[in-house]
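Report on one structure; see the data block that follows.
The values are calculated or read from the model by the stated rules, or taken from the named source; none is laboratory data. Bear in mind that the values here come from a model prediction, so they are computed numbers and not experimental data. Because the Cβ atoms are built from the backbone with ideal geometry, glycine has one as well, and the counts that use them run over all protein chains shown. Each accessible area value is taken on the protein alone, full model and side chains, heavy atoms only, with ligands, DNA and RNA left out. Shrake-Rupley method; radii C 1.70, N 1.55, O 1.52, S 1.80 Å.
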Amino acid sequence: MEHIVAAQTEPLLSVRDVAKTYGSVVALRSADLTVLPRECHALLGANGAGKSTLVKILTGVIGRDAGEIRVAGQASAPSSPVAAYAVGLAPVFQDPALVPDLTLKQNFTLTGTSVAGVQEQLDLLDLGGLDLDEYVKDIPLPFLRMLDLARALSYAPKLLVLDEITAALPPDLAEKVFAVIARQKAAGGSVLFISHRLEEVIEHCDMCTVLRDGRAVDQFVPREGGQDRIVRAMLGETAAIVRDEGRRAARERGDARPGIETRSLAVGRQLADISFAAYPGEVLGLVALEGQGQDLLFDVLSGERRPDSGSLVVAGTPLTARHPADAIRRGVVLVPADRMLALLPQRSIRENIAHPLHRRLSRWGPFSRAKENTLVQSAIERLSIDTRAPQARSLSGGNQQKLTVAKWLAAGFSTLLLFDPTRGIDIGTKHQIYDLVRQLADDGNTVVMFTSELREVELVCDRVIVVYQGRVVAELAVDVGEEALLNAMHGTVSANGRSDS
């Protein structure tokens, strides 16, 4: 490993030459990692670099093929997550480890977790109002991540392992995570922090280790190395670190008809008088704190939910959708926050892309396998999808997200709804997604994109609207900056932040 900094004290966690293969696929070649006491240590790397594999080995989900792991000086080879808890390692995985059809209490009882301990941690997180008798499937993803965090903290771990926890969180909940990190360090413990949000790493982590191609290639203090060094280590010296980050000027709309438009949409008490228009050839950004109605709004836009009042208009014609299929037939498609909901996890990459095609290709005659193959291959090449994995669930997070877009790219659409499309994706794949979204808009499609990463507004969008308490409270220029966006997201709209449009 290049540039490794020698540890000055006894490590809390020491990983040496850990390797793992799955048949012909090498997940880890020879990974090294050292985490000191009272340290927040970032584990970084592009999707597929081996981060999640290493976390699963550390926490007893899978076994290693070779190498040594020591926790507080003692050899460690946990055979299960329960065994990992026993030696002081507590993970919060990228996907919530909870059974959807059980209540929270039932989930905690199932895993032998103290319900009282979880409740105590929720109180410390100022989330004591969450109902532990509620079913997991009825709880928004950000709060499931916080519940998983409370469960991990209830074990009083020496090392708290956070795998992309902030990727699904709005700024207010992310700040609670950073407060937990500070408390964990103050109490003598450590944190292994995995995030693709490099600004978080630089601000909150004391040290970082970068994996590439299954091995550690660099270790340094993030705030000293900065984003440039992090990205070079992740992607290689020849990688383009940042593409053009200049704001795109809002397009001249003239008399253009909106691609999709809402008129006074309302649903119960969650959405009230939602009105906006998005035009062909532009990317309309949407930002909001968690729980402001954005999830429900995208359900309405995609045909998953009917509004109580108001109307949804697509290309000048009202859309009354009773099912997402009605919206799809009108060219409105959704890439949801949870990419696995949009995929057939146990099916191949080609089957996933071809799935929406079958109805379209057979509508006016016999099914064309040759046409399908042409469209599928074109989508794979345009998005540079790694096709070596036998099933969609075996892909890295970045390739899974590409796959959710690829199936609509092959099937065709006029309006693309993106809900946090770069959540949990490395910086290289993020920029591929940014470029693709801009290309799709340039092709004349309408794009509506919710993002929890405010920096993406200026990178990708032409305009941005802010939703607060179920209403559109502001339309802002994309270059107003994060402070103005945050003020609007909290219900305080700056007069000089409002766009002139």
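Brief remarks on what is shown
- Qualifying residue in region 120-129 (condition: touching a Ser or Thr at 6+ places or on another chain (Cβ under 8 Å) and not aliphatic (A, V, I, L, M)): yes
- Residues that are under 19 Å from residue 449 (Cα atoms) and of a type in the set (D, E, K, R), drawn from region 373-424: 402, 407, 420, 423
- Scanning region 89-107 for residues that are outside any strand (DSSP E or B), surrounded by 16 or more Cβ atoms within 10 Å (Cβ to Cβ) and either polar (S, T, N, Q) or at pLDDT 90 or above (or both) yields 94, 104, 105, 106, 107.
- Taking the listed residues 301, 297, the one that is open to solvent by less than 50 Å² (accessible area, probe 1.4 Å) and within 17 Å of residue 488 (Cβ to Cβ) is 297, with no other qualifying.
Okay, residues lined up against (1) outside any loop (DSSP other than H, G, I, E, B); (2) more than 21 Å from residue 207 (Cα to Cα); (3) among the polar types (S, T, N, Q); (4) at pLDDT 95 or above:
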position	(1), (2), (3), (4)
31	yes, no, no, no
38	no, no, no, yes
52	yes, no, yes, no
62	no, yes, no, no
85	yes, yes, no, no
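- Residue 69 surrounded by fewer than 21 Cβ atoms within 10 Å (Cβ to Cβ), more than 17 Å from residue 151 (Cβ to Cβ), in contact (Cβ under 8 Å) with a residue 40 or more places away in the chain and among the β-branched types (Val, Ile, Thr): no
- Counting only residues that are in contact with a Cys (Cβ under 8 Å, 6 or more places away or on another chain) and surrounded by fewer than 21 Cβ atoms within 10 Å (Cβ to Cβ), region 23-52 holds 0 of them.
- Residues being at pLDDT below 90, among the aliphatic types (A, V, I, L, M) and assigned to a helix (DSSP H, G or I) - total across region 326-345: 3
- Among strands (runs of 3 or more DSSP E) entirely within region 406-501, having at least 2 residues that are open to solvent by 20 Å² or more (accessible area, probe 1.4 Å) and touching a Lys or Arg at 6+ places or on another chain (Cβ under 6 Å) singles out no element at all.
- Residues satisfying the stated conditions in region 379-405, i.e. in a loop (DSSP other than H, G, I, E, B) and either under 22 Å from residue 442 (Cα atoms) or open to solvent by less than 10 Å² (accessible area, probe 1.4 Å) (or both): 384, 385
- Neighbours by Cβ (under 6 Å, 6+ apart or cross-chain): first from region 87-109, within 26 Å of residue 397 (Cβ to Cβ); second modelled with pLDDT of 85 or more and open to solvent by 40 Å² or more (accessible area, probe 1.4 Å): 90/155; 100/137; 107/99
- Contact map, region 296-311: first residue hydrophobic (A, V, I, L, M, F, W, C), second residue in a loop (DSSP other than H, G, I, E, B) and surrounded by 19 or more Cβ atoms within 10 Å (Cβ to Cβ), Cβ cut-off under 6 Å, separation 6 or more or different chains; pairs are 300/307.
- For region 129-159, the set of residues classified as farther than 16 Å from residue 103 by Cα and either among the small types (Gly, Ala, Ser) or more than 20 Å from the chain's Cα centre (by Cα) (or both) consists of 152, 153, 154, 155, 156, 157, 158, 159, listed by residue number.
- Check on residue 78, more than 26 Å from residue 391 (Cα to Cα), part of a loop (DSSP other than H, G, I, E, B), open to solvent by 10 Å² or more (accessible area, probe 1.4 Å) and modelled with pLDDT of 90 or more: no
- Matching residues in region 145-173 - criterion: being surrounded by fewer than 22 Cβ atoms within 10 Å (Cβ to Cβ), touching a helix residue (DSSP H, G or I) at 6+ places or on another chain (Cβ under 7 Å) and assigned to a helix (DSSP H, G or I): 171
- Matching residues, region 212-243, being open to solvent by less than 60 Å² (accessible area, probe 1.4 Å), part of a helix (DSSP H, G or I) and at pLDDT 85 or above: 222, 225, 226, 230, 233
- Verdict on residue 281 being surrounded by fewer than 20 Cβ atoms within 10 Å (Cβ to Cβ), closer than 20 Å to residue 462 by Cα and of a type outside the set (Ser, Thr, Tyr): yes
- For region 110-144, the tally of residues that are free of Cβ contacts under 8 Å to residues at least 24 places away in the same chain, small (Gly, Ala, Ser) and not in a loop (DSSP other than H, G, I, E, B) stands at 1.
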